[in-house]
1. The conditions are (1) at pLDDT 85 or above; (2) under 17 Å from A:Val221 (Cα atoms); (3) in contact with an Asp or Glu (Cβ under 8 Å, 6 or more places away or on another chain); (4) crowded, with 16+ Cβ neighbours inside 10 Å, and A:Ala12 fails exactly one of them. Which is it?
2. Just for helices (runs of 4 or more DSSP H) wholly inside region B:92-182: which have at least 3 residues that are at pLDDT 90 or above?
3. Are there any pairs with C-beta distances below 7 angstrom linking a residue in region B:82-96 that is over 17 Å from B:Ile159 (Cα atoms) to a residue that is surrounded by fewer than 17 Cβ atoms within 10 Å (Cβ to Cβ), with the two at least 6 apart or on different chains, and if so which?
4. Assess whether B:Val132 counts as being exposed (fewer than 11 other Cβ atoms within 10 Å of the Cβ), assigned by TED's automatic domain parsing to the domain that holds B:Gly209 and at negative phi.
5. Keeping to region A:112-122, report how many residues are facing another protein chain (nearest Cβ under 10 Å) and surrounded by 17 or more Cβ atoms within 10 Å (Cβ to Cβ).
6. Name the strands (runs of 3 or more DSSP E) wholly inside region A:199-252 in which the number of residues that are among the acidic types (Asp, Glu) and open to solvent by less than 10 Å² (accessible area, probe 1.4 Å) is 1 or more.
7. Going through region A:146-198 one residue at a time, which ones are part of a helix (DSSP H, G or I) and among the basic types (Lys, Arg)?
8. Considering every residue within region A:84-94, establish whether at least one is in a strand (DSSP E or B), within 14 Å of another protein chain (Cβ to nearest Cβ), touching a strand residue (DSSP E or B) at 6+ places or on another chain (Cβ under 6 Å) and of a type in the set (Val, Ile, Thr).
Amino acid sequence: MASEIMTSPASAGGDTPNKRPLLASLRHVDKVFGTDVVALKDMSLDIHQGDFISLLGPSGCGKSTALRIITGLMQPSRGKMHWEDPEAANNLGVVFQEPTLMPWATVEKNVYLPHKLKGTPKSRVQNDIDEVLELVGLDKFAGAYPRELSGGMKMRVSIARALATRPRLILMDEPFAALDEITRQKLNDDLLHLKSKINCTVIFVTHSVFESVFLSDRIVVMARRPGRVIEEIRVDAPYPRDLEFRTSAEYGEIARRTSDALLSAIGDGDDH
Amino acid sequence: MITEDTAENKAALMGSGPVVDSEEAARQRAKKVEKIAGFALPIGLFVALIGFWEYWVVAAEIPHYILPSPSVIIAKLFENLPSLSISWWTTFKITVGALVLAMLGGGGLAVLFTQSRRIEQALMPYVIVLQVTPIIAIAPLIFLYIDSHMVRVLFVAWIVAFFPILSNSALGLRSTDHNLNDLFTIYGASRWQRLRFLQLPSALPSFLGGMRIAGGLALIGAVVAEFTMGSGGNAAGLAFRILEASYRLKVPDMFAALVLVILTGVAIYLILAWVTWKLLHKWHESAITRE
C-alpha cells in the first residue's frame, strides 16, 4: 500500500485523494502570546469529514494551541478558523489528558453534562447516554462515582461524555499519555472501533509516533520556536487496523518516516 | 531466591487453607488494636482525669469556691437545670443564628467575589479590616450604635464567625479544575450553570471546612458578645450566668454553666462533621476511608 509524503506546510489543504467533504479549516493562523512569543506560525489545516488527524510534535510546538483555537477557547492573532457548517462548531467533543470528570457526579451524570448544559432534559437523552456508555463498555458502571474507577475506565467515561451529543468533530489532547502501555493500547483499539461505528472526525494530539501511525490517516508533524507544521504524512492503510497492521512492514516504514520527521522537528529547536 | 524450608512455607506450598503470613497477621492485629484504642483511649483518659480530679479535690480538701469536684459540678448542673436550660436556649439561639447568618453572609460574599473580580477588589480591604479588628475593642461602639440587645449580640457573633466561611468558600470556588472550566466554556455554559453545576459543588468541601471552624467561633462569639454587652433578666445566656456566678463566688455554678457551653460546642462540631460526612462520603477524598 502506498503512502505519500507532502512536505510543504501549506499543502496540508487542497484535494484529498478520497474526496471527503470539508468540515473546517485553519487558514494561515498565527497565535502570538504577549508581544513576541509566537506559539503558532502560519498554520493551515483542512479538516475533512471522517479524517483521523494526529498532531504530532515536541512540547511547545503549538499543537495544544491549535486545538484551543479549533475549540474556540482561543482566537487566532492572524488568520482564520473557518467552519463549513457553523453548527458543527457548536457541537464538539473534547477529551483532555486528564479524565476531567466531576468527582461529585456519577458516571451517568458526567456523561449527561453536555446535554444538561444545552438544557436538554435527561429523560429525553437517556437512550443516548445508555448507548454511549455501552459503546465504551461501561453500561454496568452508570451509577458509580469516578473515584471507584481505574484510570482507563475514567478515560472511557471522558470519551463517552465527548460522544454523548454525537459531535461531528472530536478533539483529543494527549488523552492516553498518562495511562500504562497496556491500557493505552486497548484504548487505541477501542477508539478506532468507536470511530468506525459512529463515523466522526477526530483530531488527536500526541507525542507518540507509534500511536499516531496506528490511529490516524493523516499525521501532521509540528516543530517549535515558532510552532508550525513542517510535514504531513498520510497513512493509507485501511481501517479496521489491528495487531497485524501494527507488526506490518508498512507500519514500520511509516513509523520510521514519521520518526525522522519528528527528529528534524526537534532539531529545529535547540534543546529537548 | 532461596526458600526456607520452614513448616510455615510447607503448609503454604501444600495449599492447605488460606495463607496468612506473619506480616498479614501483624496487620490484622494492628487493625484490631486500632479499633479498640480508637474509643478506649479517649474514654479511658477522660475517666482517669475526672477520677483524679475528684480524688484530688477530696484528698487535698480544696474548698468548693476554689475548685469544685466533678460530682459537685454535676449535682449543681442538675440542681440549676431549669434556669440553666433557659439560658442555654438563649445562647444556643444566638450561636445558631450567627452561624446561619455567617453562612449566608460568608458564602454569599464568596459567590459575589467569584462572579466579579472588581467587587472583590473593592470590598476585600473592608472584609480584612473587619476580621483583624479585635471585637472586644469595638464592643462599646456596637453597644452605642445598636439598640436591640439581640441584634447586638448576633452582630458580634456574626463578625467572629463569618470570615472562615468566606475565605474557605472563596478558595473553593476559585480552585475549580481548569479543564472542567474549559469544558463548560466549550459547551456554552451560562454564568449561572457554571456556578451551579461546577463552582458550587467544587467549593462544597472547603465551604464545609469553613463551617466547622465557624461553628466553634459562633459559640465563642455568642459568649464574648454576652460578656461585653451584658444582659440580665430572663433572657440571660450562659455567659451571663458564668459572670453572675463569678461575682458571687459561686464557683460550682460557674463550672456547671461552663460544662453546658462546652457540651454545646462539641455538639455543634459533631453535627457539622456528620453533615460533612453525609454530603461528601460518596465522592470526596477527605471522607473516604482507605482499605
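1. (1)
2. By residue number, B:117-132, B:149-174.
3. Final answer for the pair search is B:Ile86/B:Asn234; B:Thr90/B:Ala235.
4. Here the answer is yes, as B:Val132 does meet what is asked.
5. Within region A:112-122, residues that are facing another protein chain (nearest Cβ under 10 Å) and surrounded by 17 or more Cβ atoms within 10 Å (Cβ to Cβ) number 5.
6. A:228-234
7. Once the filter is applied, which keeps residues that are part of a helix (DSSP H, G or I) and among the basic types (Lys, Arg), region A:146-198 yields A:Arg147, A:Lys154, A:Arg156, A:Arg161, A:Arg184, A:Lys186, A:Lys195, A:Lys197.
8. Taking region A:84-94 first, the residues in a strand (DSSP E or B) are A:92-94.
Those still in the list that are within 14 Å of another protein chain (Cβ to nearest Cβ) too: A:92-94.
Then drop every residue that is not touching a strand residue (DSSP E or B) at 6+ places or on another chain (Cβ under 6 Å), which leaves A:92-94.
Then drop every residue that is not of a type in the set (Val, Ile, Thr), which leaves A:94.
Yes: one or more hits.
The values are calculated or read from the model by the stated rules, or taken from the named source; none is laboratory data. Remember, it's a predicted structure, so these values are computed and weren't measured experimentally. As a convention, Cβ positions derive from the backbone with ideal geometry for all residues, glycine included, and neighbour counts pool all protein chains shown. Protein only, heavy atoms only, side chains kept; ligands, DNA and RNA dropped before computing areas. Shrake-Rupley method; radii C 1.70, N 1.55, O 1.52, S 1.80 Å.
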